[in-house]
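The values are calculated or read from the model by the stated rules, or taken from the named source; none is laboratory data. Fair warning: this is a prediction, and the values are worked out from it, not measured in the lab. Cβ atoms come from the backbone with ideal geometry, glycine included; neighbour counts cover every protein chain shown. Accessible surface is based on the protein model in full, side chains and every heavy atom, while ligands, DNA and RNA are left aside. Shrake-Rupley method; radii C 1.70, N 1.55, O 1.52, S 1.80 Å.
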Amino acid sequence: MSFDGFTGEALRFLFENRMNNSKEWYDSHKPDYKKYVYNPFVELIGELVPTIMEIDSQIITIPSKLISRVRRDTRFTKDKTLYRDNVWLVFLRDKSTISTSPCFWFEISQKGSSYGVGYYGAETKSMANMREMIVSKHPLFLNALTCYESQNEFVIGGDLYKRSKFPDQPDNLKLWLDRKNIFFESVQDNFQLAFSKELPEVLKKGFLQLKPIYDFLCMVEAQF
């Protein structure tokens, strides 16, 4: 089946599931999860795969490995809420390093949606490699920089150090150099895009546009 857009029923299920915070409630409403949340994500992934393979043939494309779990891992957090009210997909090469690998993502939450490329939480050594490549003007970084500065859809993000580590570098490079983590995202504070059947085409265009940045981040990882 083709992707026709997410619906209010998906958001309603996610919200009620979190509010009930009960395995019994989730189990009794699992068909709703499959119908309104999981299956549309599978359909969306199916439409995105050819473009993703064009970007990087090593990326995982099995839906069950790409869609976030609806139940939270509460072992290492003070928040013991069992279920989340947002869902995302992540395209990356190795699921075992999902938190520290460059990836493409799309997320839908109770506030809207977002998509982009970058790290969830880059390792310190990755950021160090990235800074070396930036300062040395690596060709892939120059491509990534041109990619970012020639568009206005995606915004660079990631926590900044309080004091610049490279005070003598140009401001546009310090935007990259002074971050503890780095990602590039487009945020929608409504559901117009998520509810649209045009979402796959928008994501394809956006991911292709971000390819030079993704290629640069992959080279950062290849330096180990």
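Counting only heavy atoms of protein chains, what accessible area per residue, in Å², does the stretch 8-222 have with a probe of 1.4 Å? Heavy-atom SASA per residue in the stretch 8-222 reads 52 Å².
A DSSP coil position with no more than 11 other Cβ atoms inside 10 Å describes the following chymotrypsin sites (Phe, Trp or Tyr not before Pro) in the stretch 25-97: PHE76. Inter-part distance, the stretch 71-101 to the stretch 5-20, computed on C-alpha centroids, equals 18 Å.
Calculated [222 nm] ellipticity per residue, helices only, for the chain: -12500 deg cm²/dmol; basis is -39500 (n - 2.57) per DSSP H run with n ≥ 4, divided by all residues, nearest 500. Sites listed here are GluC sites (Glu not before Pro) in the stretch 134-196 whose DSSP assignment is loop and whose Cβ has at most 12 other Cβ atoms within 10 Å, and the list is empty.
Each of ILE98 and LEU142 was given a label point 7 Å from its Cα along the Cα-to-Cβ line. The distance between the two points is 3.8 nm.
Pairs of Cα atoms in the stretch 56-205 fall into 5 Å distance bins, from 0 up to the last occupied one, in shares of 2, 8, 14, 19, 20, 16, 11, 7, 3, 0 percent.
Between SER150 and VAL187, full extension at 0.36 nm per residue minus the direct alpha carbon distance yields a gain of 11.5 nm.
What relative contact order, as a whole-number percentage, does the chain give when Cα pairs under 8 Å and 6 or more residues apart are counted?
23 percent
Taking the stretch 133-224 as the region of interest, what is the percent of Cα-Cα pairs per 10 angstrom bin, listed from the shortest bin to the one with the maximum distance? For the stretch 133-224, the pair-distance distribution reads 14, 43, 30, 12, 2.
Relative to the dominant Cα principal axis of the chain, helix 8-20 is inclined by about 80°. With the gyration tensor restricted to C-alpha atoms of the stretch 179-224, the semi-axes of the equivalent ellipsoid amount to 27, 14, 6 Å, longest first. Placing pseudo-labels 7 Å out from each Cα toward the beta carbon at ILE62 and ARG163 gives an inter-label distance of 4.9 nm. What's log10 of I(q)/I(0) for the stretch 14-119 at q = 0.15, 0.22, 0.23 Å⁻¹, Debye sum over Cα points only, no solvent? So the normalised log intensities work out to -0.69, -1.28, -1.34. The fraction of accessible area contributed by carbon and sulfur in the stretch 8-222 is 51 percent, rounded to a whole number (1.4 Å probe; ligands and nucleic acids excluded).
Ordering LEU82, PHE141, LEU92 by the projection of their Cα atoms onto the charge dipole of the stretch 72-224, which places +1 on the Cβ of Lys and Arg and -1 on the Cβ of Asp and Glu, puts LEU82 at the extreme positive end. In a simple Cβ point-charge model (Lys, Arg +1; Asp, Glu -1; nothing else charged), the stretch 85-221 has a dipole of about 280 debye relative to its Cα centre. The separation of the stretch 146-170 from the stretch 179-224, counted between C-alpha centres, amounts to 16 Å.
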